[in-house]
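The values are calculated or read from the model by the stated rules, or taken from the named source; none is laboratory data. Since the model is a prediction, treat every value here as computed from it, not as a measurement. Because the Cβ atoms are built from the backbone with ideal geometry, glycine has one as well, and the counts that use them run over all protein chains shown.
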Amino acid sequence: MTEHSLTFREFPALLMDLISSRDTLLEIRDFHLQNGPSAEIERVQQDLDGCEIALRECITELVKKADGYVSAIRFEEAGAKMAREEAARCQALAQARTSRVEWLKSTAIEVMRALDVKRIPGETSELHRQTNGGAQPVEVRQPELLPAKYQRWEIRMTGDMRAKLIRLLIDDVECDAITDVIQAAKSLDADSELIRKDLLAGEAVPGAILQARGEHLRIK
C-alpha cells in the first residue's frame, strides 16, 4: 500500500471494511475448524493472513497520517453518541406512549364502572371491562398484628454463630447461640400464599385482608 494510493478521508472507510472482513473470515475459519476439510481451512487462513497484513498496513498509514486516524476515532465516537441519543429519545417516546395507553385504558374502565356496564360495542370494535385472573391479591395492613405462622424471617449468620448453633443442636450446650441467632434474624415479609389460603377458607387473619380483584380493559 503506497502513501498516495488513498486519500486521508478514504483510510477510515477502508479500515472499517478490513476489520469487518477479518471478523467474517475468523467466523468462517472457526466453522471449518470444526466441520471443514483441511484444504478449506488452509485457504481461509491464507485469506485471513492477507487481510491481517492489509489491516496492519492500513493502520500504519493511518498512524502516519494522524489526522486520518483521529478522524476515524471521532467518526465512530460521533456515531456512537448519535446512536445513544437516538436510543434515549426513542425510549422516552415509548415510555410516554405507554403511559398514555395506560391512562386511556384506566379512564375507559372508570367510565364503564360509572355506567355499570361490562361492554361497550362500536361499529368496528368493542371495549370489554374484564376482571383480572390469577390469585386474589392479599393486603397486609398491619404486619405487627400477623400471627407468627404467617411471618417469614431471614437469618444471616457468621461462621462462628453457625458453629455454635451446630454444637447446641448436637450437644445441647452453648445456649447463648440461640440468642445470637434470634438477634441476627431479620423480618423478610409475610407469607402471602398461606394468608390467602386461610382467608379463602374463612379463617380470620389479624392484620390482613383479601383485596377485590382488579380489572383490565380488553379490546376486540
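Values for this structure:
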item: Cross-chain or 6+ apart pairs with Cβ under 8 Å, the stretch 200-220 first and closer than 30 Å to Glu126 by Cβ, then among the small types (Gly, Ala, Ser) and in a loop (DSSP other than H, G, I, E, B); result: Ile219/Ser125; Lys220/Ser125
item: Test for Arg129: is it at pLDDT 80 or above, of a type in the set (Lys, Arg) and not in a helix (DSSP H, G or I); result: yes
item: Filter result for the condition that a residue is modelled with pLDDT of 70 or more, exposed (fewer than 10 other Cβ atoms within 10 Å of the Cβ) and closer than 28 Å to Leu199 by Cβ, over Glu110, Glu139, Glu154, Glu144; result: Glu144
item: Criterion violated by Glu139 - all others in (1) assigned to a strand (DSSP E or B); (2) closer than 30 Å to Pro206 by Cβ; (3) free of Cβ contacts under 8 Å to residues at least 60 places away in the same chain satisfied; result: (3)
item: Some residue of the stretch 93-104 being of a type outside the set (Lys, Arg), at pLDDT below 90 and either surrounded by 13 or more Cβ atoms within 10 Å (Cβ to Cβ) or assigned by TED's automatic domain parsing to the domain that holds Leu26 (or both); result: no
item: Residues of the stretch 119-136 satisfying the condition of being under 27 Å from Arg196 (Cα atoms) and in contact with a His (Cβ under 7 Å, 6 or more places away or on another chain); result: Gln130, Asn132
